[in-house]
Amino acid sequence: MMNRNGVVTKIRTRIRNDPFKNNYELVGRELGRGKFAVVKKCVEKTTGKEHAAKFLRKRRKGQDCRSDILNEIAVLESAEANPYVVALHEVYETTTEIILVLECAAGGEIFNQCVADNDEAFTEKDVIRLARQILMGVACLHQNNVVHLDLKPQNILLTSAQPLGDIRIVDFGLSRRVDSVTEVREILGTPEYVAPEILDYEPISTATDMWSIGVLTYVMLTGESPFQGEEKQETFLNISQVNVDYSQDVFQGISDLAVDFIQSLLIKNPRKRATVEQCLNHPWLMVNTHQHTVDEQEASQSESEPESPVPSPELVVIPSY
Ligand SMILES: Cc1cnc(Nc2ccc(CC#N)cc2)nc1Nc1cc(C2CC2)[nH]n1
């Protein structure tokens with residue numbers, strides 16, 4: 001099966017043709033909605049377990065996009081061992097849709113806490129822990145030669161909001177497999193979070209995700225979106241010129257190490273940007289964010305967090321489609 005990257009997509013997951021509603025009950029409100037997808041909470045009848053059902057339309061603007069959906073499934077499968085990438089449970093297909101039954105992250109989008117007022121907003125210690133988890137999830141993707149290309153607060157979910165739980169990276173609808181052979185030049189992502197190379201129609205690479213992580217970290221720490229302008233064009237100009245406010249007004253009470261971490265990522269030249277591996281070794285993330293004793297910390301880390309991060313591939317570009 002060839003997808004738009006010209007890459008053969010082989011998936012392991014069985015695609016079921018029996019009716020989704022035989023096995024799941026839809027409950028409550030919609031969780032999310034995109035141009036070609038809607039996400040609803042559902043309960044598995046046999047186990048009573050909550051999941052999130054993502055209904056994806058196979059035909060979009062008159063084109064058959066089934067292979068793009070198989071790409072999303074293949075990317076989820078490639079990261080199934082990583083606790084910080086949302087888990088894929090089952091897949092169903094109807095004549096018009098493919099339904100991904102995914103792990104339910106009950107805490108919702110970190111976006112809500114990013115824009116919350118003081119007492120519900122993240123502390124710097126919260127952000128250090130969440131940033132480390134995001135990086136460990138992205139390290140797994142980059143190690144598997146995958147770039148997400150739409151990392152933003154709306155696509156980072158929490159297992160629990162209060163008390164603050166762990167993150168889950170979601171929505172691989174724009175993700176691509178990387179390839180050192182050819183280049184890709186296409187507009188992707190969400191304006192505030194896209195890297196300069198996308199606006200300048202330059203090759204997209206693993207460094208493109210690292211720019212978005214810099215924007216994400218800025219938003220989690222300050223509640224402000226560094227490049228947002230009144231109009232899309234102003235936002236694009238701010239990105240292209242890397243117009244970022246690192247003043248004390250915005251970063252009051254935030255450590256210099258945090259600013260240094262963000263500045264290592266919001267760099268126009270992708271080759272000069274920190275890799276996921278370098279970020280995981282940045283001194284800002286070396287702070288002890290556990291409330292427990294060191295012993296409990298070591299025990300909890302060996303259980304809940306993956307082995308020390310895998311080296312991410314050097315900067316690679318991804319194929320044209
Ligand atoms: C409580 C909740 C609240 N809000 C969202 N928003 C949301 C954000 C991005 C996307 C885009 C996607 N994909 C879909 C929904 N997801 C939630 N739980 C989910 C959602 C999911 C899986 C990812 C769908 N598991 N648990």
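The values are calculated or read from the model by the stated rules, or taken from the named source; none is laboratory data. Nothing here was measured: the structure is a model prediction, and the numbers come from that model. Methodologically, a virtual Cβ is constructed for each residue, glycine included, from the backbone with ideal geometry; neighbour enumeration extends over all protein chains shown. Areas reflect the complete protein model, heavy atoms only, side chains present, ligands, DNA and RNA absent. Shrake-Rupley method; radii C 1.70, N 1.55, O 1.52, S 1.80 Å.
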### Message
For q values of 0.13, 0.19, 0.29 Å⁻¹, compute log₁₀ I(q)/I(0) with the Debye formula on a Cα-only model of segment 82-146, without solvent.
### Response
-0.56, -0.92, -1.20
### Message
Using 0.36 nm times the number of residues separating Gln252 and Thr47, minus their current alpha carbon distance, what extension gain do you get?
### Response
69.0 nm
### Query
Given the pairs Lys41/Lys232; Lys54/Lys125; Lys61/Lys232; Lys54/Lys152; Lys21/Lys58; Lys10/Lys45, which are separated by over 21 angstrom at their Cα positions?
Lys41/Lys232; Lys54/Lys125; Lys61/Lys232; Lys10/Lys45
## Note on the structure
Sorted by accessible surface (1.4 Å probe, heavy atoms of the protein chains only), largest first, Lys49, Lys54 come out as Lys49, Lys54
### Task
Please report, in debye to the nearest 20, how large the charge dipole of segment 73-122 is about its Cα centre when each Lys and Arg carries +1 at its beta carbon and each Asp and Glu carries -1 there.
100 debye
### Query
What residues qualify as long-range amide H neighbours of Tyr24, i.e. H under 5 Å apart, gap of 5 or more or another chain, H built at 1.01 Å from N?
Lys45
### Long-range amide H partners of Arg59 with built H, under 5 Å
Cys65
### Query
When Rg is the radius of gyration of the Cα atoms in segment 93-245 and Rh is its Kirkwood radius, what does Rg/Rh come to?
0.98
### Task
Keeping every protein chain in place, order Tyr246, Tyr218 by accessible area at 1.4 Å, biggest value first, i.e. largest first.
Tyr246, Tyr218
### Query
Excluding ligands, DNA and RNA, what is the solvent-accessible area per residue of segment 10-121 at a probe of 1.4 Å, expressed in Å²?
55 Å²
### Summary
In whole µm²/s, the translational diffusion coefficient that Stokes-Einstein assigns to segment 192-296, given a Kirkwood hydrodynamic radius over C-alpha pairs, 4 °C and 1.567 mPa s, equals 88 µm²/s
### Task
Calculate, for Val38 and Arg59, the FRET efficiency according to 1/(1 + (r/R0)^6) with r their C-beta to C-beta distance and R0 22 Å; round to the nearest 0.05.
0.90
### Task
Over the alpha-carbon set of the chain, divide Rg by the Kirkwood Rh and report the Rg/Rh ratio to two decimals.
0.95
### Summary
What helix-only [θ] at 222 nm does the chain give? Using -39500 (n - 2.57) per DSSP H run of at least 4, over all residues, to the nearest 500, the answer is -9000 deg cm²/dmol
### Heavy-atom accessible surface of segment 43-134: percent carbon and sulfur, 1.4 Å
48 percent
